[in-house]
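Structure first, commentary second.
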Ligand code: NIG
Ligand code: FE
């Protein structure tokens, strides 16, 4: 059944016009059919355009804002267990370390497929009602061949954007044998996981994997046809960004500590920098300053990094608010980064943008403009969500 959203006070299309990367329209209307956007125009034009359409559902936005569905290009949604105590200790001054990942690995290995599936679906639904219509999901809490295989298999049940992250940390049974673990990841584990995945990722950081180990894993993934993503520069400066750019990664994620050379390399590349404000919030690290990055020409995405350790938020509006308040982004830049930026980070041109032919993934805000996402932090402004043209909930 076709749906017309009309009397939209502010429509963010992300189809850039001179001076406006957000492609903003006012008093706009959007016609949706068969899961796609079929037409955009003014509310006035919509009346004539839809006059002869049977079974048309009309949604009167009454001056409210509409944006593309959020594209959350970084999450770890398949896990078991809880690390609230670790968060509580951090808030009392204990630092975040990569080692906490191993406690989630133990809980995840002990959970059944059905338990993991139920938690995963609940989280996916939690994201959806908050306006996230596309989510990337990583493995990385299994760290054995059968456990990683089931995590990517379960993730593939809910999203096409599945990332194999066998190189998340070295599991306890490979302590002091990290290179043997890298052999496993780049060999039998990749063989088992590649059929379910679109991407490969590595945590290239002190306490996780070296640049050389990361390169081996990523090159093995590339040879299997997977696209590259890299976790890097989360806890300190390193060479992960350089490696990501050299390998043509779609995205390098975190980037909390970047050198000038990193910024230059990113600005001259097709690699998106995905900033994850929930991590700095939840680990009490300094927020990265996005202003010089944007001014240098780096393409920036925003994502939640939903995971039980470093960032257990699933709210893209929260990330937008923090990016605006503490990371030097304008509201328009932050909303672009959370929609079109995420789509770039996934190398997708059918999402994050509202134009004829694009997927009908839309969010109706209970607000007259996208600025309210930062202006009214913590307020549930997502009034209605459509994914592939179908209203959620
Ligand atoms: O993206 N950086 C590595 N991985 C996750 C953290 C996972 C955890 O602490 O459980 C991240 O922050
Ligand atoms: Fe992550």
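Note down the nm distance, to one decimal, between modelled labels 7 Å out along Cα→Cβ at residue 56 and at residue 180.
Label at residue 56, label at residue 180, 6.9 nm between them.
Please say if region 173-273 is rounded, prolate or oblate, where rounded means a/c under 1.5 for a ≥ b ≥ c the square roots of the C-alpha gyration tensor eigenvalues, and otherwise the choice is prolate for a/b larger than b/c and oblate otherwise?
It comes out oblate by the Cα gyration axes.
First check a/c for region 83-240, with a ≥ b ≥ c the square roots of the eigenvalues of its C-alpha gyration tensor; if it is under 1.5, answer rounded, and if not, answer prolate when a/b is larger than b/c or oblate otherwise.
Taking the square roots of the gyration eigenvalues as a ≥ b ≥ c, region 83-240 is rounded.
Counting only Cα, what are the radius of gyration and maximum Cα-Cα distance Dmax of region 231-277, in Å?
9.1, 25
Order of 295, 20 from fewest to most other C-beta atoms within 10 Å?
Arranged by neighbour count, lowest to highest, 295, 20 become 295, 20.
Expressed in nm to one decimal, what extension gain is obtained for the pair residue 366 and residue 33 from 0.36 nm per residue of sequence separation less their Cα-Cα distance?
Taking residue 366 through residue 33 to full extension adds about 117.5 nm, to one decimal.
Quick check on region 1-117: of the DSSP beta bridges with both residues there, what percent are antiparallel, nearest 5%?
Percent antiparallel among DSSP bridges in region 1-117 is about 70.
Can you tell me how much longer the chain between residue 206 and residue 259 gets when fully stretched, taken as 0.36 nm per residue apart minus their C-alpha distance, in nm with one decimal?
17.5 nm
Find the eigenvalues of the gyration tensor of the Cα atoms of region 42-91, then list the square roots of 5 times those eigenvalues as equivalent ellipsoid semi-axes, largest first, in whole angstrom.
Largest first, region 42-91 gives 47, 14, 10 Å.
Rank the residues 329, 1 as a footprinting-exposure proxy: fewest other Cβ atoms within 10 Å of their Cβ go first.
The most exposed by this proxy come first: 1, 329.
Just check region 89-149 against the gyration tensor rule for me: Cα atoms, a ≥ b ≥ c as the square roots of the eigenvalues, rounded for a/c under 1.5, and otherwise prolate or oblate depending on whether a/b exceeds b/c.
Cα axes put region 89-149 in the oblate bin.
Taking only the C-alpha atoms, wrap a convex hull around region 255-393 and report its volume per residue in Å³ as a whole number.
118 Å³
Antiparallel versus total DSSP beta bridges in region 229-366: what percent is that, nearest 5?
Around 10 percent antiparallel, to the nearest 5.
Want the number for residue 92 to residue 48: 0.36 nm per residue separation, take away the alpha-carbon distance, what's left?
So the extension gain works out to 9.7 nm.
Taking 25 Å as R0, compute the FRET efficiency from the Cβ-Cβ separation of residue 107 and residue 347 and round it to 0.05.
0.15
Where both partners of a DSSP beta bridge lie in the chain, what percent of those bridges are antiparallel, to the nearest 5?
45 percent
Report, please, the projected area of the chain averaged over directions, based on the convex hull of its C-alpha atoms, in nm².
18.5 nm²
Could you tell me what % of all Cα pairs in region 178-337 have separations over 20 Å?
Tail of P(r) above 20 Å: 50 percent of Cα pairs.
I'd like the FRET efficiency for residue 1 and residue 383, computed as 1/(1 + (r/R0)^6) with the beta carbon distance as r and R0 of 22 Å, rounded to 0.05.
Plugging the Cβ-Cβ distance into 1/(1 + (r/R0)^6) gives 0.60.
Tell me, 230, 263, 300 in order of fewest to most beta-carbon neighbours within 10 Å?
Fewest to most other Cβ atoms nearby, the residues stand as 263, 300, 230.
Laboratory data are not the source of any read-out in this text; all were calculated from the coordinates shown. Only a predicted model underlies this, so the values are computations on that prediction, with no experimental measurement involved. All Cβ positions, glycine included, derive from the backbone under ideal geometry; neighbour counts span all protein chains shown.
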